[in-house]
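Take a look at the structure below.
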Amino acid sequence: MSEGRDDPEIFWVDPRKRGIMPLDGFHLSRSLRRAMRRSDWTITTDRDFSGVLDGCADRDETWINAEIRSLYTALFERKQAHSLEVWEGEALVGGVYGVVLGGAFFGESMFSRRTNASKIALACLVDRLRNGGFTLFDTQFITSHLASLGGIEISRAKYHRKLADAKALTASFGTGPQASPQDVIQRMTQIS
């Protein structure tokens, strides 16, 4: 992370309590299901990594500086970082990006330019991670937004055990078409 957009320094964060999104515990509220059913948005993956990265950095305070942007772009070019995009026509209205290591996905940041765009992005990302054989979705910290979707905190020790198990796996983020929000609802409600 960085302290801010103009801070050239970067540092590693290993919090005592780690935020994760249990892949079998994503909460689809009635209002989110309704928004997903009514959505005519298109979901893609790895179509506009730079656009998602820029969308995440486009706020008054951001931890994404030039060095971090450069490093994540290099990881994307090596197929070790991925993005999921939410499109309204040709406009990028939301998205999330992160890094893959074995069966672990490290969610780095997300953004939303329309109501529910980041929630729909996360639901579609959880669906993709489940289907790809991932076992750990690291969110680093828990916000009220992530908690409302099922995110939890675990101890550093428990996180490190989960991470070791996940790193030993082979998972696939894939590059094919992303399921529609309507398909994701159907799969998630069948699992619940």
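Each reported figure results from applying straightforward, stated rules to the coordinates on display, with no laboratory input. As the structure is a computational prediction, the values presented were derived from the model and not from experiment. Virtual Cβ from ideal backbone geometry, glycine too; neighbours counted across all protein chains shown.
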Residue ID - surrounded by the fewest Cβ atoms within 10 Å (Cβ to Cβ), chosen from residues in segment 91-143 that are closer than 19 Å to Asp48 by Cβ and of a type in the set (S, T, N, Q): Ser112
Out of (1) crowded, with 18+ Cβ neighbours inside 10 Å; (2) touching a Phe, Trp or Tyr at 6+ places or on another chain (Cβ under 6 Å); (3) of a type outside the set (Phe, Trp, Tyr), the odd one out for Thr42 is which? (1)
For segment 73-92, give me each residue that is closer than 11 Å to Phe173 by Cβ and of a type in the set (A, V, I, L, M). Ala81, Leu84
Answer yes or no: is there a residue in segment 70-82 that is touching a Lys or Arg at 6+ places or on another chain (Cβ under 9 Å), more than 20 Å from Gln182 (Cα to Cα) and surrounded by fewer than 16 Cβ atoms within 10 Å (Cβ to Cβ). no
